[in-house]
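Participant: Pasting a structure here, questions to come.
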Amino acid sequence: LRQWMPFRDTFLDEMLRHDGLRHAVINEDSGLPPCHGCGVGCELRCVDCAYSHLYCASCLIGVHRCQPLHRIQRWNGKFFEASSLQAINFVVQLGHDGEPCACPRWMEQPLTVVDISGIHKVSYNLCGCATTEGAQPFVQLLRMEWWPATITRPRTVITFSTLRLFHALTLQGKVNGYDFYKGLVRITDGAGLQDLKSRYKEFMRSVRCFRHLRMAKRAGRGQDPLGILGTKPGELVVVCPACPDPETNLPDNWEDDPERFVWKYALILAVDANFKLKLKKRNKIKDVQLADGWAYFVADREYKAHLAVHTDEAELKTCTSTHNAMTAANMPTHKRFAVNGVGAAICSRHTLYRAHGVGDLQKGERYVNMDYVVLSSLGPSASKLRTFYFSYDISCQWSKNFYKRLKSRFPSRAWLADADRHLTFLVPKFHLQAHGEPCQIAFSHNYTEGVGRTCGEGIEAGWADTNGAALSTREMSASFRHEALDDFFGAINWRKTVTMGTFLLKGLKNTLPAFEKQRLIFEELEKTIPSNLAHVWEEAVLAWDADKSRPNPYKEPECSMFSTPLCRYGLT
């Protein structure tokens, strides 16, 4: 900045130079500068073309045959005033990729084109050739990369580049559609002197259709002969490539691996609720579902049917936790909102959202909702796995009667209760500190074999990423909100997928030297402990790891002044 400050006047002069004729020489006879194309007097320039040369109307139309949305200005003898290509009789021909048409159909009413350069009025001709392919007006517009806001008699279109820009900004910065559209209005008419009819509704409708089809395109639906309607439940999801899936990434005969390697084939899920992602109540709204159950949200109809049948009892608090989740289970519904939040189950190790792993919460964090979401997120292939870990900030309460609820409400998931399945319930490390000592001992990741250094808190980072969209998504219709949040979840999954190689390599490089360092520290510590005492401790830990009904070795024994000296070591 200090280097720049002495040149501020130079920068300002150069900015003003662009507002004037610059180096153009005025012809004394015509009083106009010469055309850059033919040399005659001219008064038009394009502010979007490089160098912004001056042209006459015919030359300007010629150089803009493939740039119909550039912004034009006219010299009025004192300054450049706003004009347009339409004002100099420029007409866009559709149907032939920019080439002339033998049978053009003149359209009297111009198109309103919403572009990143502003909002334009464009005169156009449809192709009137007697061909079946691409004959419909909306198809001709799509081939121009203009998205029609309606199918019949389209009068408003959104350019593909505008839709792509908004899509990128809303996924990254959570920019809402209203502010984005208003920004385009300011670019078009910053002083508010033009009579611009609002195209906000047309813009948002096009955005919804665009992001829906973009998810379908990325899922390969365009290459499937069955097309969009052949989409299977959960098929639009960006799947975690590292979580165990017997159908995709596990070796043959993985079930025969020794018992000490079962952790490699364990599914670790993090469960939580988010009460920022609400939905306002809407009366007399005609909602249309485009992708119900195709991505991260559970299918709406089946979910509501389940909630209607299985009423929930009040969740009793028997834990000493001071965390808000304990009281959120029975939180009353706010009269302004139809949905008070969402519950989700993600993979805890890699923090990717799972297919059918998100569901709306109508009234607090009830088990009837959370059970459905968690069990739906397992998917059909999970039935072949044997080991599951569930990390939830209220696992100490949620795990009670879990098997009872499983058998009575979810017979299709009853295989989780089979004798050869191992389910472990944990509390995330940060949240665990708010629990009492019994929970800190029984539900600790640190005391659980097979989870490594998993903390269980990764789902909170996902909420931090999506909460920026809460104010805009709560104003949408129910289906639009699901589709928008599905899109956000998919973007989060994609970013983590493309960086997973770097993430895992970094973890490996940090882990190997850290393991060696801790091993040496442990060996030095072990030398200070009598071998018979260390043997007793080790046996107690191994016994508890194999059977949680055994005495918990991590529980500090209650010793009194009359106890033996070995009591504090867990010995009698």
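The values are calculated or read from the model by the stated rules, or taken from the named source; none is laboratory data. Bear in mind the structure is a predicted one, so any value in this text is a computation, not a measurement. Glycine also receives a Cβ, built like all others from the backbone with ideal geometry; neighbour counts cover every protein chain displayed. To get the accessible areas, we keep the full protein, side chains included, count just its heavy atoms, and leave off ligands, DNA and RNA. Shrake-Rupley method; radii C 1.70, N 1.55, O 1.52, S 1.80 Å.
Participant: Rounded, prolate or oblate: which fits segment 394-477 when a ≥ b ≥ c are the square roots of the eigenvalues of the alpha-carbon gyration tensor, with rounded for a/c under 1.5 and prolate only if a/b beats b/c?
Facilitator: Oblate shape, in that a/c is at least 1.5 and b/c is the bigger or equal ratio.
Participant: For segment 158-312, what is the convex hull (Cα atoms) projected area averaged across all directions, in square nanometres?
Facilitator: Result: 15.8 nm².
Participant: Further question on the same structure: Taking the Cβ of residue 243 as the centre, find all other residues whose Cβ is under 9 Å away and add up their charges (Lys, Arg: +1; Asp, Glu: -1).
Facilitator: +1
Participant: Could you put 281, 335 in order of accessible surface area, largest first, with the 1.4 Å probe and the full protein assembly present?
Facilitator: Largest to smallest exposure gives the sequence 335, 281.
Participant: Evaluate E = 1/(1 + (r/R0)^6) for residue 526 and residue 441, where r is the Cβ-Cβ distance and R0 equals 35 Å; express this FRET efficiency to the nearest 0.05.
Facilitator: 0.95
Participant: Under 27 Å Cα to Cα from residue 197, which lysines show up? Leave out anything in the same chain fewer than 8 places away.
Facilitator: 121, 174, 182, 284, 286
Participant: For segment 466-564, compute the number of Lys pairs whose alpha carbons are separated by less than 29 Å, excluding pairs fewer than 8 positions apart on the same chain.
Facilitator: 9
Participant: Please give the length that would be gained between residue 414 and residue 461 if that part of the chain were fully extended, namely 0.36 nm times their separation in residues minus their C-alpha to C-alpha distance (nm, one decimal).
Facilitator: Result for the pair: 13.8 nm of gain on full extension.
Participant: Taking K and R as +1 and D and E as -1, what net charge do the other residues with C-beta under 11 Å from the C-beta of residue 270 add up to?
Facilitator: -2
Participant: Hey, rough spin-label estimate for residue 498 and residue 429, points 7 angstrom out along Cα→Cβ, what's it come to in nanometres?
Facilitator: Simple spin-label model gives 3.0 nm for this pair.
Participant: Quick check for me: using +1 on Lys/Arg Cβ and -1 on Asp/Glu Cβ, what's the dipole size of the chain about its Cα centre, in debye to the nearest 20?
Facilitator: In debye, rounded to 20, the chain gives about 1620.
Participant: Quote to one decimal, in nm, the extra length available between residue 5 and residue 152 on full extension: 0.36 nm per residue of separation minus the C-alpha distance between them.
Facilitator: Full-extension gain reported as 47.3 nm.
Participant: Right, something else. Report, in listed order, any pair from 264/384; 276/404; 363/404; 280/429 with a Cα-Cα distance greater than 24 Å.
Facilitator: 276/404; 280/429
Participant: Over the chain, what relative contact order in percent results from Cα pairs under 8 Å that are six or more residues apart?
Facilitator: In percent, rounded to a whole number, it is 10.
Participant: Keeping all protein chains in position, work out how much accessible area residue 23 exposes to a 1.4 Å probe, and write it in Å² to the nearest 10.
Facilitator: That residue has around 130 Å² of solvent-accessible surface.
Participant: Please sort by residue number the chymotrypsin sites (Phe, Trp or Tyr not before Pro) in segment 1-68 whose DSSP state is loop and whose Cβ has at most 15 other Cβ atoms within 10 Å.
Facilitator: Passing sites in segment 1-68 are 4.
Participant: Pull up the cross-link candidates among the lysines for residue 78, meaning alpha carbon to alpha carbon under 21 Å and not fewer than 8 places away within one chain.
Facilitator: Excluding near neighbours in sequence, the set is empty.
Participant: If you don't mind, another one. Taking a ≥ b ≥ c as the square roots of the Cα gyration tensor eigenvalues, with a/c under 1.5 meaning rounded and otherwise prolate when a/b beats b/c, else oblate, which class fits segment 251-297?
Facilitator: oblate
Participant: Name the aspartates and glutamates eligible as straight-distance cross-link partners of residue 281: C-alpha to C-alpha under 12 Å, and not fewer than 8 places from it in the same chain.
Facilitator: The qualifying aspartates and glutamates are 475.
Participant: For segment 1-96, which trypsin sites (Lys or Arg not before Pro) pass both filters: DSSP loop (anything but H, G, I, E, B) and at most 11 other C-beta atoms within 10 Å?
Facilitator: Within segment 1-96, the qualifying trypsin sites (Lys or Arg not before Pro) (loop, at most 11 other Cβ atoms within 10 Å) are 2, 78.
Participant: Would you mind counting up the charge near residue 517? Only other residues with Cβ under 12 Å from its Cβ, with Lys and Arg at +1 and Asp and Glu at -1.
Facilitator: Net charge around residue 517: -2.
Participant: Now for a separate question. Note down the nm distance, to one decimal, between modelled labels 7 Å out along Cα→Cβ at residue 139 and at residue 289.
Facilitator: Those two pseudo-labels are separated by 3.1 nm.
Participant: Another question about this same structure. Is segment 360-403 best put as rounded, prolate or oblate by its Cα gyration tensor, with a ≥ b ≥ c the root eigenvalues, rounded for a/c under 1.5, and otherwise prolate when a/b is larger than b/c, oblate when not?
Facilitator: oblate
Participant: Now for a different question. Where in the chain are the helices, taken as whole DSSP H runs, whose Cα atoms extend 24 angstrom or more along the long axis and whose Kyte-Doolittle mean reaches at least 0.5?
Facilitator: Helices meeting the criterion: none.
Participant: Run the paramagnetic zone check for residue 30: 7 angstrom along Cα to Cβ, then residues of segment 60-95 with backbone nitrogen under 12 Å.
Facilitator: 60
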